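The values are calculated or read from the model by the stated rules, or taken from the named source; none is laboratory data. In this text, all values refer to a predicted model and were calculated from it rather than measured experimentally. Here the Cβ positions follow ideal geometry from the backbone for every residue, glycine too, while neighbour counts run over all protein chains shown. Side chains are part of the model used for accessible areas, which takes the heavy atoms of the whole protein and leaves out ligands, DNA and RNA. Shrake-Rupley method; radii C 1.70, N 1.55, O 1.52, S 1.80 Å.
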Amino acid sequence: MTPKEKALRLPMKPGVYIMLDKKGEVIYVGKAKKLYNRVNSYFRQNSSHNSKTRLMVSQVRDFDYIITDTEFEALVLENSLIKRHMPRYNILLKDDKGYPSVRLSNDEYPRFSIVSKPREDGARYFGPYGGRNESRRAIETVSALLRLPTCNRRFPADIGKGRPCLNSHIGRCDAPCAGKMTVEEYRERIERACMILSGKTDEVIKLLEEKMLAHAEKLEFELAGKLRDEIRAISTLGTKQKIISSMMSDTDVFALYTGESKTAFSVLHYIDGSLLESETRMTETPVYGEMSELLEEFVVRYYSGRTSFPREIYLQYEVSSTETLEEWLTSLSGKRVYVYTPKRGEKLKSVEMAEQNAREKALAAINREEREIRVLEDLKKILALDSLPERIESYDISNISGSDMVAGMVVFKNGSPLRREYRRFKIKTLTGQDDPQAMREVISRRFMRYKDGDEKFKNKPDLILLDGGITQINAVAPLLCELGIDVPLFGMVKNDKHSTRAIVNVDGNEIGISAHPAVFRFVTAVQEEVHRYSIEYHRKLRARSMTESELTKIPGVGKARAVKLLETFKSIPAIKAASYEELCKAVPKSSAEVIRNYFDREEKE
């Protein structure tokens with residue numbers, strides 16, 4: 001039975017449909033009020049689909065569907081399935097990489113930290129935020145406001161050890177390290193910090209006002225005065241400190257602009273009618289053409305996993321299931337959330353501003369993409385390549401006198417760095433300094449893993465650029481032939497000032513690129529990026545080696561145990577601060593006792 005025939009048997013009920021390609025892989029997930037109407041619309045011959053929708057439909061070999069009782073259930077299920085399968089024709093927002101969250105540990109003395117991705121580990125998460133700087137500012141602001149520690153000391157292990165730091169002396173911390181704060185009081189302040197990060201400042205103020213009045217009735221005026229000062233500080237927090245306005249906003253405004261290749265979504269965050277911040281998210285233009293559906297899916301993806309929500313949301317387009325969207329947002333936030341499509345006045349002006357922002361960002365991205373493609377076309381012509389080098393891999397070796405030899409592999413996709421596919425290598429077969437043979441080892445390992453079907457190396461490059469001259473080329477070119485890898489190979493040559501000079505081919509002929517400014521800048525950027533990446537890895541390993549040597553001075557701690565300790569505690573100070581019980585989680589009890597005694601003696605001395 002063809003998908004078209006199968007679609008004719010669908011019920012007129014709400015649900016989710018899952019499009020599958022010839023390999024049985026999920027390529028698109030959608031929801032519908034009536035499955036019959038929605039799915040059949042894809043297979044009608046005279047349907048006015050855009051080119052991307054027609055491309056998706058042409059790849060559909062089958063589909064599955066799940067009937068739900070309500071449209072609300074369909075929305076929740078659709079969101080869950082998109083997260084699980086990451087279909088290439090849905091909106092895929094890369095929040096995990098670009099938008100970190102604040103994590104609150106589940107310890108006796110919980111501490112805040114910044115993480116790239118929330119996990120199911122019993123901790124509490126807030127965000128995601130606009131970037132690491134914003135996340136750090138959020139932690140620092142609420143910690144200073146509530147006089148919580150931001151140092152690296154570990155509690156209760158460090159209580160009573162050493163003097164309080166500068167933050168205590170300037171009134172930014174009440175020094176739990178000196179025993180000036182009970183664990184109950186500490187956890188109470190942490191809970192207030194969580195409420196502030198969740199945007200519940202009104203509830204915090206109401207709670208503190210009740211406590212202030214209670215202290216005043218008992219004639220405890222000093223305690224009441226401290227709470228009064230805290231209430232004043234929190235009251236001005238939203239506008240003066242701007243703790244991640246997206247977390248503190250009472251109104252969010254959404255709009256989009258879609259081009260043939262790129263779509264931009266703009267989000268404006270308001271507090272009491274004042275614009276505090278704007279965000280823009282870019283994605284490849286999805287398959288379907290209905291702008292309202294596109295906007296609705298973005299809103300759902302945007303708020304999934306968040307911990308705080310505005311009271312009102314303004315949308316550029318009216319969505320077909322406003323009530324369902326409101327119900328879903330309200331269920332997540334625990335308070336009523338309203339969704340509007342403004343038609344006039346200041347609210348409409350805010351939507352138009354968001355649309356203008358989206359248009360500008362989308363057009364800028366499209367222009368940048370066009371420039372990058374032109375550079376690749378020029379590079380193809382200069383190097384006489386058969387096809388456009390959409391995926392370029394570059395390699396560099398880093399070492400000092402042959403010690404700790406490593407290599408870096410960077411990837412450029414359509415002229416831009418593709419950092420999630422960068423790879424690092426430790427050189428395993430050489431003891432002395434021999435960069436060409438080290439390069440040969442790295443290329444061999446990379447393509448052997450490609451031939452073995454390793455997911456991390458599954459993509460074949462269109463062009464390889466080695467950071468080096470003809471000696472590196474001569475070491476690698478025969479190897480590629482032996483492995484049956486047909487990829488154009490070139491070297492990037494530097495001048496005596498270590499700046500990019502030219503490109504060398506397998507015949508040893510140099511190809512000048514200085515007469516082509518755009519290509520010259522691009523090749524220079526590739527060479528500098530691969531050099532930075534490889535030397536950064538080398539420095540990290542050397543620093544770790546030095547740290548490991550400090551640990552191996554402890555009787556009974558060898559290299560393997562030192563590595564285990566560093567993996568668990570991340571740094572020497574953290575290992576020194578760890579209790580015997582905490583050390584036992586990383587090493588045997590006998591070793592934990594030796595390590596604890598060693599650092600205790602060191603501190604006394």
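Tally Lys/Arg at +1 and Asp/Glu at -1 over every other residue whose Cβ is under 12 Å from the Cβ of residue 38; what's the total? Please report the intermediate quantities before stating the final value.
Numbers: positive: 13, 31, 33, 34, 44; negative: 71, 78, 290, 293.
My count for the surroundings of residue 38 gives +1.
Which of the lysines could a cross-linker bridge to residue 23, judged by Cα under 21 Å and excluding same-chain residues fewer than eight apart?
4, 6, 52, 83, 451, 456, 458, 460
Between beta-carbons, use under 13 Å as the cut-off and find the net charge around residue 368, counting Lys and Arg +1, Asp and Glu -1.
Values: positive: 262, 361, 371, 374; negative: 360, 369, 370, 372.
Here the count lands on 0.
Which lysines, on any chain, are close to residue 226 with Cα under 17 Å apart, when same-chain ones fewer than 8 places away are left out?
Straight-distance partners of residue 226: 180, 206, 211, 218.
Roughly how many Å² of residue 298 are accessible to a 1.4 Å probe, to the nearest 10?
Result for residue 298: roughly 0 Å² accessible.
So what is the accessible area of the chain per residue, in Å², with the probe set to 1.4 Å? Mind showing how you got there, number by number?
Numbers: 31250 Å² over 605 residues.
Heavy-atom accessible area per residue stands at 52 Å².
Hey, any idea what % of the chain's accessible area is carbon plus sulfur with a 1.4 Å probe? Working shown, then result.
Working: 14860 of 31250 Å².
C and S atoms contribute 48 percent here.
State to the nearest 20 debye the size of the charge dipole of segment 4-43 about its Cα centre, where the only charges are +1 on K and R beta carbons and -1 on D and E beta carbons. Please report the intermediate quantities before stating the final value.
Numbers: 10 positive and 3 negative charges, 38 e Å.
It works out to roughly 180 debye.
Place a +1 charge on the Cβ of each Lys and Arg in segment 313-417 and a -1 charge on the Cβ of each Asp and Glu, then give the dipole magnitude about the Cα centre in debye, rounded to the nearest 20. Intermediate results must be reported in sequence, preceding the final value.
On the way: 15 positive and 18 negative charges, 94 e Å.
The calculation lands at about 440 debye.
Mind sorting out which of (i) 27.3, 96; (ii) 26.7, 84; (iii) 29.2, 91 is the real Rg and Dmax of the Cα atoms in Å computed from the coordinates?
Computed from these coordinates, Rg and Dmax of the Cα atoms in Å corresponds to label (iii).
Determine the dipole magnitude for the chain: charges of +1 sit on the beta-carbon of Lys and Arg, -1 on that of Asp and Glu, nothing else is charged, the reference point is the Cα centre, and the result goes in debye to the nearest 20.
On the way: 100 positive and 89 negative charges, 143 e Å.
Taking the Cα centre of the chain as origin, the dipole is about 680 debye.
Which Cα, out of 263, 58, 298, lies furthest along the positive dipole direction of the chain (beta carbon charges, K/R +1, D/E -1)?
Value: 58.
Roughly what would the spin-label model give for residue 67 and residue 105, points 7 Å off Cα along C-beta, in nm?
5.1 nm
So between residue 84 and residue 58, what do we pick up on full extension, going 0.36 nm a residue minus the alpha carbon distance?
Numbers: separation 26, 0.36 × 26 = 9.36 nm, distance 2.34 nm.
So the extension gain works out to 7.0 nm.
Can you tell me which of 489-495, 205-211, 340-346 comes out highest on packing, and rank the rest after it, using the mean Cβ neighbours within 10 Å?
Details: 489-495: 18.6, 205-211: 14.3, 340-346: 11.6.
Averaged packing, sorted descending, gives the order 489-495, 205-211, 340-346.
Between residue 2 and residue 320, how high is the FRET efficiency from 1/(1 + (r/R0)^6) when r is the Cβ-Cβ distance and R₀ = 35 Å? Nearest 0.05. Intermediate results must be reported in sequence, preceding the final value.
Numbers: r = 28 Å, r/R0 = 0.80.
Computed FRET efficiency for residue 2 and residue 320 comes out at 0.80.
Modelled label-to-label distance, residue 580 and residue 386, 7 Å Cα→beta-carbon offset: nm?
Output for this residue pair reads 7.0 nm.
Between residue 514 and residue 218, what is the spin-label point distance in nm, taking each point 7 Å from the Cα along the Cα→C-beta axis?
The answer from the label model is 8.0 nm.
Provide the percentage of antiparallel DSSP beta bridges, counting only those with both residues in the chain; round to the nearest 5.
Close to 80 percent.
Pull up the cross-link candidates among the lysines for residue 343, meaning alpha carbon to alpha carbon under 26 Å and not fewer than 8 places away within one chain.
Excluding near neighbours in sequence, the set is 33, 335, 361.
Would you kindly state how much longer the chain becomes between residue 368 and residue 352 on full extension, computed as 0.36 nm times their sequence separation minus their alpha carbon distance, in nm to one decimal? Spell out each step's value before the answer.
Values: separation 16, 0.36 × 16 = 5.76 nm, distance 2.42 nm.
Fully extending the segment from residue 368 to residue 352 adds 3.3 nm.
Hey, what do the phi angles of segment 450-460 turn into as Karplus ³J(HN,Hα) couplings, whole Hz, using 6.51/-1.76/1.60 and θ = phi - 60°, x for Gly and Pro?
Once θ is set to phi - 60°, the couplings for segment 450-460 become 4, 6, 7, x, 5, 4, 6, 10, 6, 8, 8 Hz.
Counting helices only, and only those DSSP H runs with n ≥ 4, report the 222 nm mean residue ellipticity of the chain as the sum of -39,500 (n - 2.57) divided by its residues, in deg cm²/dmol to the nearest 500. Don't skip to the answer; put the middle values down first.
On the way: 21 runs with 277 residues, N = 605.
Rounded to the nearest 500, it is -14500 deg cm²/dmol.
Amide H of residue 511 versus every other amide H placed in the peptide plane: which residues, excluding those fewer than 5 positions away on the same chain, fall under 5 Å?
Residues meeting the criterion, in which the H sits 1.01 Å from N, are 503, 504, 505.
So how do 506-517, 18-29 stack up, highest first, on mean other-Cβ count within 10 Å?
Numbers: 506-517: 12.7, 18-29: 17.1.
Ranking, from highest mean packing down: 18-29, 506-517.
Using the Karplus curve 6.51 cos²θ - 1.76 cosθ + 1.60 with θ = phi - 60°, work out ³J(HN,Hα) for each residue of segment 508-523 in order, rounded to whole Hz, and write x for Gly and Pro.
Once rounded to whole Hz, the list reads x, 8, 7, 10, x, 10, 5, 7, 10, x, 5, 5, 4, 5, 5, 5.
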